[in-house]
Amino acid sequence: MEDTSARQDRADRGAVSFPIRLLATGLFSGYSPIAPGTAGSMLGVAIYLIPGFEAGAVLAVAIIVTFLLGVYVSAQMENDLGEDPPVVVIDEVVGMWISLFLLPKTVWVVSLSFLLFRAFDIFKPPPARRLERNKNGWGIMLDDVAAGVYANVAARLVLLLFR
């Protein structure tokens with residue numbers, strides 16, 4: 001006989017709250033009908049472009065706080081919508097910020113980091129694919145952390161080659 005307790009528990013709780021949905025979906029950018037992950041990454045860039053946000057300490061705190069919030073809100077959304085719902089893009093925001101961390105704030109570098117992050121996020125080279133298997137919001141966030149690190153390192157290598 002099928003265990004319906006988890007489904008019933010989800011039905012009893014109802015939908016997640018507005019603040020959780022707002023955060024998890026990257027200010028609702030995750031509801032973009034075309035490429036919600038790209039829309040979430042673009043939100044990350046837009047926030048990064050706020051003057052002073054690129055400062056190492058500011059960006060580091062933003063990454064850590066948003067990552068931890070992201071684990072929580074992603075888990076809530078998974079409980080409501082199922083595993084790794086496409087509308088959850090807070091992970092793309094954090095990953096985008098990691099890809100830009102301590103790099104020069106220029107149009108060239110931001111564009112390069114954006115393209116590299118999207119590529120690594122889509123193709124998920126090891127161990128990103130394995131990290132994605134973690135539960136309770138961790139997998140949603142960790143694979144994008146890996147993609148952000150890959151993009152940051154790759155951008156640094158490109159900058160070294162073209163300087």
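The values are calculated or read from the model by the stated rules, or taken from the named source; none is laboratory data. Note that this is a predicted model, so its numbers are computed, not measured. Backbone-built Cβ (ideal geometry, glycine too); neighbour counts: all protein chains shown.
Summary of computed values
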quantity: All positions within region 89-123 that are free of Cβ contacts under 8 Å to residues at least 24 places away in the same chain and either among the hydroxyl-bearing types (Ser, Thr, Tyr) or touching a helix residue (DSSP H, G or I) at 6+ places or on another chain (Cβ under 6 Å) (or both); calculated: Thr106, Ser111
quantity: Tabulated pairs, region 41-67, first under 19 Å from Gly30 (Cα atoms), second small (Gly, Ala, Ser), C-beta under 6 angstrom, 6+ apart or interchain; calculated: Leu43/Gly26; Leu43/Ser29
quantity: Answer from Ile20, Ile50 - the residue that is at pLDDT 95 or above, loosely packed, with under 14 Cβ neighbours inside 10 Å and more than 12 Å from the chain's Cα centre (by Cα); calculated: Ile50
quantity: Filtered residues of region 125-140 (kept if part of a helix (DSSP H, G or I) and not basic (Lys, Arg)); calculated: Ala128, Leu131, Trp138, Gly139, Ile140
quantity: Some residue of region 27-36 being within 23 Å of Val110 (Cα to Cα), touching a residue at least 24 places away in the same chain (Cβ under 8 Å) and out of contact with any Pro (no Cβ under 8 Å at 6 or more places or on another chain); calculated: no
quantity: Test: residue in region 76-87 that is within 15 Å of Ala147 (Cβ to Cβ), modelled with pLDDT of 95 or more and not charged (D, E, K, R); calculated: no
quantity: Counted residues, region 144-163 - those being out of contact with any Pro (no Cβ under 9 Å at 6 or more places or on another chain) and under 16 Å from Gly40 (Cβ atoms); calculated: 4
quantity: Residue count for region 50-75, restricted to those that are among the hydroxyl-bearing types (Ser, Thr, Tyr) and closer than 15 Å to Asp144 by Cα; calculated: 2
quantity: Set Leu103, Leu112: member being over 13 Å from the mean Cα position of the chain (by Cα), in a loop (DSSP other than H, G, I, E, B), over 18 Å from Ala35 (Cα atoms) and at pLDDT 95 or above; calculated: Leu103
